[in-house]
Amino acid sequence: MDHNLRHRRRYQLNLGKFPVIEVNEEPTCQIIVIDMQNKMYIRMGAPVNADIRVGDLLTLYTEVLQKESH
């Protein structure tokens, strides 16, 4: 890993807020389903003690590095 990446500024890009449509309790995690619209869904694991309920809006985002100025 390039150690210089740790010190570069990152931007958070908000991808949107999406509703939780399903929550299934498993022994080691919760499986949640998020409706991304247009027949697209995300199914993912969450910690057992996370307070996530059907109808909650979850904000999805990503991070990108700022371009280096020379």
Restricting the search to the stretch 8-17, which residues are in contact with an Asp or Glu (Cβ under 6 Å, 6 or more places away or on another chain) and under 26 Å from D51 (Cβ atoms)? Q12
Among what's in the stretch 47-68 and is surrounded by 10 or more Cβ atoms within 10 Å (Cβ to Cβ) and either over 15 Å from the mean Cα position of the chain (by Cα) or basic (K, R) (or both), pick the residue that is nearest to L15 (Cα to Cα). L65
In this structure, does N14 turn out to be open to solvent by 60 Å² or more (accessible area, probe 1.4 Å), without any contact (Cβ under 8 Å) to a residue 60 or more places away in the chain, of a type in the set (S, T, N, Q) and on the phi > 0 side of the Ramachandran plot? no
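The values are calculated or read from the model by the stated rules, or taken from the named source; none is laboratory data. Because the structure is predicted, anything quoted here is derived from the model rather than measured. Don't worry about glycine lacking a Cβ; one is built from the backbone with ideal geometry, like all the others, and counts go over all protein chains shown. SASA here: full protein model, heavy atoms, side chains in, ligands and nucleic acids out. Shrake-Rupley method; radii C 1.70, N 1.55, O 1.52, S 1.80 Å.
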